[in-house]
Amino acid sequence: MIISMRFVNRILDLSEDLNRKSVFLFGPRQTGKTLLIHHTIQADRVYNLLDTDVLFRFSHRPARLREELPGNASLVVIDEIQKLPPLLDEVQLLMDTRSIRFLLTGSSARKLYRKGVNLLGGRARIRYLHPFSAWELKDEFDLTKALSVGTLPSIWFSDKPYEDLADYAGIYLREEIAAEALVRNIPAFSRFLTVAACTNAKILNYTNISSDAQVPASTIREYYHILKDTLIGYELPAWKESVKRKPLSTSKFFFFDIGVVNFLRQRKQVSVASADGGEAFETLVHHELRTYTHYQGKGDLHYWRSTSGFEVDFILDHRVAIEVKAKNSIGSQDLKGLRALKEEERLSRYILVCLEPVPRRIDDIDILPYDVFIQMLWTHELIS
């Protein structure tokens, strides 16, 4: 895989957290955790547990960590901590006895939870790193490119993004699933991934997915837990506070990156005008909203759908309703869901994100071009 070492300034700033206490930094593989640390963190020692020599040294005797760190060490980085959960006992001891702060990174907390590790009993903050936001890429962001290859840093700057997406999926299956022994039946999980990608951005229906993937429904539920725990996808819960129209309660599911979805569905070029453009565009907006809530540490994210069929794609912080349309001309029909939700009189703002060239307003509903929406989101004009 061709991976660029170019660094893009990220929104996530760990320095303030690390000045106060230790931090767990989780994120899918190749979201740029190591590069972020290299460019922004001045650590006394950095250990990478993907290095087999380092892993063997501490696996044999975790107490070596105490012996190797100098007496004046104040900040230590341990990459891929889920590779060796017992090392966290030494980390906690050093935090308590020598006041050392740790930055502990990983692509999954699942192995830590399964081993009964308590993530240092609240002594460390948990932060997440996502693929690039459009706000981070600024003028380099290209919507057509993002719809097709996603925004994983290694893929965005790749000379061969489609080949590298295939490699990425292979690495995920091999290292995250097979090597960690999270599932025994890799072919069944592979079938599930394909089916799950085809239901990206849709309401979860375990029975249908079980039938399509030829895997028991109970196993399908476990597979979705694996996707969530390894940060490959997110469950979007239903907003249930509407009264005039009875809401659905079943969640939706979104993969963390539309490029990965495209590979799993064996599609390459995706445009807003294509049959898959709407789903891809909605997934990009979900990515921005999810990234915003994680980086800012505020704002729950939901969707709303009534039993009668009215729907709004996202509700941010129980205050802002956001509908997404991959269209360059918005008509009255496109506002039906937002208008129905407005009748509940529960939210403070209603937005439709689209591809029109300039913002406008209809019946207290803001029609926003995608780039304007991104700017307003990250400059905190949607929620304060």
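Values computed for the structure shown
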item: Accessible-area order (highest first, 1.4 angstrom probe) of the listed residues HIS287, HIS225; result: HIS225, HIS287
item: The chain - percent of accessible surface contributed by carbon and sulfur, probe 1.4 Å; result: 46 percent
item: Principal axes of segment 28-173: Cα extent on each, largest first, Å; result: 52, 30, 27
item: Residues with amide H under 5 Å from that of ARG349, placed H, sequence gap 5 or more; result: ALA321
item: Cα→Cβ-extended label distance, 7 Å offset, between LYS244 and SER329, nm; result: 3.0 nm
item: Cα long-axis angle, helix 186-198 against the chain (0 to 90 degrees, to the nearest 10); result: 30 degrees
item: Sorted peptide list for 361-372, 302-313, 65-76, criterion being average Cβ within 10 angstrom, highest first; result: 302-313, 361-372, 65-76
item: Under-5 Å amide H pairs with VAL324, H placed in peptide plane, nonlocal only; result: ASP313, VAL353
item: Within-9-Å neighbourhood charge of ASP17 [Cβ basis; K, R +1; D, E -1]; result: +2
item: For the chain: relative contact order, % (alpha-carbon pairs under 8 angstrom, 6 or more apart); result: 14 percent
item: Ordering of 137-144, 260-267 by burial proxy (mean other Cβ atoms within 10 Å per residue, highest first); result: 260-267, 137-144
item: 0 to 90° range, to nearest 10: angle between helix 277-296 axis and the chain longest Cα axis; result: 50 degrees
item: Packing-based order for 231-239, 146-154, 126-134, using average beta carbon neighbours within 10 Å, highest first; result: 146-154, 126-134, 231-239
item: Nearest-0.05 FRET efficiency for GLU67 and GLU311, computed from C-beta distance (R0 56 Å); result: 0.45
item: Computed [θ] at 222 nm, deg cm²/dmol, the chain (DSSP H ≥ 4; -39,500 (n - 2.57); rounded to nearest 500); result: -10500 deg cm²/dmol
item: Part-to-part distance (alpha-carbon centres) for segment 184-229 and segment 247-279, which is given in Å; result: 15 Å
item: Taking segment 1-131 and dividing mean pair separation by its residue count, relative contact order in percent (alpha carbons under 8 Å, at least six apart); result: 38 percent
item: Within-12-Å neighbourhood charge of SER210 [Cβ basis; K, R +1; D, E -1]; result: 0
item: Bridge type composition, the chain - antiparallel percent by DSSP, nearest 5; result: 40 percent
item: At 0.890 mPa s and 25 °C, Stokes D of segment 149-259 from Kirkwood alpha-carbon radius, µm² per second; result: 160 µm²/s
item: Net lengthening on full extension, ARG191/LYS21 (0.36 nm per residue, minus Cα-Cα); result: 57.0 nm
item: Rounded accessible area per residue of the chain, 1.4 Å, Å²; result: 44 Å²
item: Label-point separation in nm, ARG123 to TYR206, each point 7 Å along Cα→Cβ; result: 3.7 nm
item: Sequence-separation-based contact order of segment 313-384, relative, with Cα cut under 8 Å and 6+ spacing, percent; result: 28 percent
item: Extension reserve of the ASN48-THR34 stretch, reckoned as 0.36 nm per residue once the Cα distance is removed; result: 4.1 nm
item: For segment 40-106, alpha-carbon Rg over 2.2 N^0.38 Å; result: 1.00
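The values are calculated or read from the model by the stated rules, or taken from the named source; none is laboratory data. Just so we're clear, the structure is a prediction, and the values are computed from it rather than from any experiment. Backbone-built Cβ (ideal geometry, glycine too); neighbour counts: all protein chains shown. Areas reflect the complete protein model, heavy atoms only, side chains present, ligands, DNA and RNA absent. Shrake-Rupley method; radii C 1.70, N 1.55, O 1.52, S 1.80 Å.
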